[in-house]
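*Asks:* This is the structure I want to talk about, given as structure tokens.
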Amino acid sequence: MRLVVAILVAACATLCGPSAYARSKHRNAPAPVAGQFDYYLLTLSWSPTYCKGHQEDKQQCGMQKHFGFVLHGLWPQYQAGKYPQTCSTDNRLTDEARSVGEDVFPSEKLIAHEWDKHGTCSGLTAVDYFSAADEARRSVAIPDRFQPGNRVANLTANQISAAFHQANPAITSRSIAVVCGGPELSEVRVCLSRDLQPTSCGVGVRDACGNKPVRVRGVN
């Protein structure tokens, strides 16, 4: 009987131990602190790809909407990898902040989501965070070939990065990442310092498109 119990205990330690440890490690991990991060990740979403699968989002994808790149978010990041999220803060999403956010994001649903998950970790008030996001977005010139239109282009991630570098000489291959959803362009992400200048990306921020040509629908 003792032998059977010992075997069961050993099996549980083998099968259950890692999961229990992971849960314990997650529980004991320090909570992210608002304002403690290294740089921002400006994330620009390619609207035609998003709208292909989100036609119910009328604010961004309605019949009269023909967006190209739109602001997805301005995300605090750690240089060593990963990022803080949903930080504890006394700053709140006020009506004034929502009003500012409406001029920054393509749809209202992004305002609360981006503030709750990312803005709370910026150390800024919601108004200042949305203003910083707007400033960051305006600081990046969108290449002419990525203006919204009706054509379809097939480009590699390197070609997309090169087009952004040509339009923004300060954005180098070390400060940009191209992200795809399947075979289509999804996002372009630009790493910015805390004062919103192009900077080298940290660990884990890299292209996610492979080497094959990327389908870019809805270009000029």
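Only the coordinates and a few stated rules stand behind these numbers; no lab work does. Note that the structure is predicted; figures quoted are calculated from it, not measured. Please note: Cβ atoms are built from the backbone with ideal geometry, for glycine as well, and neighbour counts cover all protein chains shown.
*Asks:* Mind jotting down the distance between the C-alpha centroids of region 170-220 and region 50-71, whole Å?
*Replies:* Each part reduced to its Cα centre gives a spacing of 20 Å.
*Asks:* So, one more: Which of Ser45, Ser99, Ser131 comes first, and how do the rest follow, when ranked by fewest Cβ neighbours within 10 Å?
*Replies:* Details: Ser45 24, Ser99 12, Ser131 17.
Listed from fewest to most nearby Cβ atoms, that is Ser99, Ser131, Ser45.
*Asks:* In whole percent, what relative contact order does the chain give with Cα contacts below 8 Å and a gap of six or more residues? Can you show the working numbers first?
*Replies:* Values: 382 pairs, mean separation 52.8, N = 220.
Normalised by residue count, the contact order of the chain is 24 percent.
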